[in-house]
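Bear in mind these aren't lab numbers, they're just calculated from the coordinates by the rules spelled out. Keep in mind that what you see is a predicted model, and the values were worked out from it rather than measured. Every residue, glycine among them, receives a Cβ derived from its backbone with ideal geometry; neighbour counts consider all protein chains shown.
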Amino acid sequence: MKFTYNQKELLSGQATILCGIINVTPDSFSDGGQFFQVDKAVARAKELVADGATMLDIGGESTRPGSTYVEIEEEINRVVPAIKAIKEVVDVPISIDTWKSQVAKAAIEAGADIVNDITGFLGDPEMAQVVSQTQAGAILMFNPVIVRPNHPSSKIFPTFGGQGVFTDQEMAAFETMDIVELMKAYFVKSLALADQYGIAKERIMLDPGIGFGLTKKENLTLINEIDVIRQMGYFTFLGVSRKRFIMNILNEVGFETDFATPEGSINRDLGSAFLTSLAAIKGVEVLRVHTIKPHLMATAIADSVRLSRQMDDVNFKAYK
């Protein structure tokens, strides 16, 4: 498989791509405010790429539980200067993390290569058309908050549009549907829109939406059955870094996960990196992460196992 954007391409079956996160927001759940100013965002971009990131994801609106809607003009004012400045200093593809078509349009004009839409084209009815008028790639995420707004795990999130996309009958069926089947049903609608606007299959990655309106069991099930996306014929984009269910797993076996403590800060990224390793073994093409080094170590080991037939052989010497 391949993924294309702006006449460039990424190939499946290669080393796992680490996509570094840059939140130009004051309230992201784990790094809010740290990279809000353009100069700080640029410095962070250079650091991430130097550490091994080969893609960057820039967002101007927090979508964490309890976050609030950011007006379109404000979001544009946050991301456009950062994208322009970052494009001047690093040469890696940049995705814009937004579900709003006007923000996506402005970001693409500023130099963004890929639109990372957490609603999979279903939140804003104009998004698919905006992407279709460019050569940008698209990441389409399964968003349970849209299809199960009354679920306890969805109620703590802000709304992401999408009203009226599914019928009342479909919405009723979604409430009890198996989570993998629900994801597939959601992607049917997303991909139909992409096809309607002539967006080629090769320009699309699919994201299972880990952490959005899902229970612990559902998060783990989607990760365990991530191969479903490849079976559909698409690149897989996965974001598990610092998700709450990881902290829950670590807490259950007695590990510190308080972000404010040095031990907790290390553990949150180690726990995330273990999942990155599992994802890389499964052949997930792109991992969206907050820090690079622990995930680079994870993918170096996992990719070596997955691509063992392609590895150069080495004969080891005896221990001294």
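Quick notes
- Reference-scaled alpha-carbon Rg (2.2 N^0.38 Å with N residues) for region 122-164: 1.37
- Lys, Arg +1 and Asp, Glu -1 on Cβ, resulting dipole of the chain about Cα centre, debye, nearest 20: 700 debye
- At q = 0.06, 0.08, 0.13, 0.15 Å⁻¹, base-10 log of I(q)/I(0) for region 2-307 (Debye sum, equal scatterers on each alpha carbon): -0.17, -0.31, -0.89, -1.25
- Expressed to the nearest 5 percent, the antiparallel share of DSSP beta bridges inside the chain is 10 percent.
- Computed over the chain: relative contact order in percent, which uses C-alpha pairs under 8 Å that are six or more apart: 19 percent
- Measure of compaction for region 158-285 (Cα Rg per 2.2 N^0.38 Å): 1.21
- Sequence of TYR319, TYR186 once ranked by neighbouring C-beta atoms within 10 Å, starting from the fewest: TYR319, TYR186
- Sorting LYS87, LYS40, LYS155 by the number of Cβ atoms found within 10 Å of their own Cβ, with the fewest placed first, yields LYS155, LYS40, LYS87.
- Of every Cα-Cα pair in region 267-313, the percent that sits beyond 16 Å: 32 percent
- Counting other Cβ atoms within 10 Å as a rough exposure proxy, the listed residues GLU218, GLU252, GLU170, GLU202 run GLU252, GLU170, GLU202, GLU218 from fewest neighbours to most.
- Cubic angstrom per residue, convex hull over Cα atoms of region 59-127: 84 Å³
- For region 75-175, the percent of C-alpha pairs falling in each 10 Å distance bin, counted from 0 to the bin holding the largest distance, reads 16, 41, 27, 13, 3, 0.
- Whole-number D in µm²/s for region 207-265 (Stokes-Einstein; Kirkwood sum over Cα pairs; 20 °C, 1.002 mPa s): 167 µm²/s
- The spacing between region 260-320 and region 167-197, judged by their C-alpha centroids, is 33 Å.
- The mean of 1/r over all pairs of different alpha-carbon atoms in region 237-315, once inverted, gives a Kirkwood hydrodynamic radius of 13.3 Å.
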